[in-house]
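The values are calculated or read from the model by the stated rules, or taken from the named source; none is laboratory data. Owing to the predicted nature of the structure, the values given are computational and were not obtained by experimental measurement. Cβ atoms come from the backbone with ideal geometry, glycine included; neighbour counts cover every protein chain shown.
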Amino acid sequence: MDGTTFWVVAVVAAILVGMGKGGLPVVGMLGVPVLSLVISPVAAAGLLLPVYVVSDMFGLYAYRAAFDRRVVAILAAGATAGVGIGWATASVVPEAVVTVLVGLIGAVFALNLLIRPHLPAARTAQVAPGLFWGVLTGFTSFVSHAGAPPFQVYVQPLGLAKAVFAGTTTVLFAYVNVIKLVPYFALGQINLGSLQIAAVLAMPAAAAVFAGVRLVKVLPEALFFRLVTWALLAISVKLIWDGLAG
């Protein structure tokens, strides 16, 4: 993992991760696919996890007063189980199958929002659906940092304000990324060499967090969610393509 090409691509991936932690979750999902252009997807996921964790710290500060505690609590419970399932089945479930599944879920949800944009929003976050989507969020996040589609399926219809939506995203995934550290170490996806590279990439990622926060603030709310939905659709199609390609 050296050379000019690797470092250029890695810095771009780190910036995308940081912007995701600034409140643009689907943008953050681009990190692993972009870095997979120069190293394997498994190595990319392991290399970027510490970058996610460092970026989370800045995101937590930025959104410390803007998140939905109930939504975070429900999803965190499910996501904990999902990460555990991902760890237990790491050597059994093909990553391509999970990738296609995540892509299909995200694509169907995004298309539904684009075709019927005025769906009624739930008044409160329901526990049972939240646990279900939380498990999927934790599992898919463990496999390839692709937890945003199932997360958005549950959260986006709740009608949260854009800052609360962004903050809830940041807080939930900060928790998920921390609990992923132990299994990633145990599976050998994080090592001393990857940590040294991640320490360098954490700097542009941290700066990009505040660029993401700024974008969330200046974008009109309707446009913000419309862009989030289109981005979700684009990433979902890419995930389906990647999964079918093997």
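Observations on the structure shown:
- Per-region count, the range 182-199, residues closer than 11 Å to Leu48 by Cα and either hydrophobic (A, V, I, L, M, F, W, C) or surrounded by fewer than 12 Cβ atoms within 10 Å (Cβ to Cβ) (or both): 5
- Residue check, Ala234 modelled with pLDDT of 80 or more, in a helix (DSSP H, G or I) and small (Gly, Ala, Ser): yes
- When Val42, Val27 are checked against the criterion of being out of contact with any helix residue (DSSP H, G or I) (no Cβ under 7 Å at 6 or more places or on another chain), among the aliphatic types (A, V, I, L, M) and either at negative phi or surrounded by 23 or more Cβ atoms within 10 Å (Cβ to Cβ) (or both), a single residue qualifies: Val42.
- Test: residue in the range 156-164 that is touching a helix residue (DSSP H, G or I) at 6+ places or on another chain (Cβ under 6 Å) and surrounded by 21 or more Cβ atoms within 10 Å (Cβ to Cβ): no
- Only residues that are among the β-branched types (Val, Ile, Thr) and either within 13 Å of Phe165 (Cα to Cα) or over 17 Å from the mean Cα position of the chain (by Cα) (or both) were counted across the range 75-101, and they come to 5.
- Listed by first and then second residue, the pairs linking a residue in the range 91-102 that is at pLDDT below 75 and buried (at least 21 other Cβ atoms within 10 Å of the Cβ) to a residue that is assigned to a helix (DSSP H, G or I) and aromatic (Phe, Trp, Tyr), with Cβ atoms under 9 Å apart and 6 or more places separating them unless they lie on different chains, are Val98/Phe139.
- Whichever residue in the range 222-246 is more than 18 Å from Pro157 (Cα to Cα) and among the aliphatic types (A, V, I, L, M) and, among such residues, is surrounded by the fewest Cβ atoms within 10 Å (Cβ to Cβ): Ala245
- Looking only at the range 62-85, residues that are under 27 Å from Ala208 (Cβ atoms) and at pLDDT 90 or above come to 10 in all.
- Long-range neighbours under 6 Å by Cβ, at least six apart or interchain, first residue under 16 Å from Leu232 (Cα atoms) within the range 10-29, second at pLDDT 75 or above and in a loop (DSSP other than H, G, I, E, B): Leu16/Leu30; Met29/Ala146
- Unmet requirement for Gly20, which otherwise passes all of (1) at pLDDT 90 or above; (2) under 24 Å from Gln156 (Cα atoms): (1)
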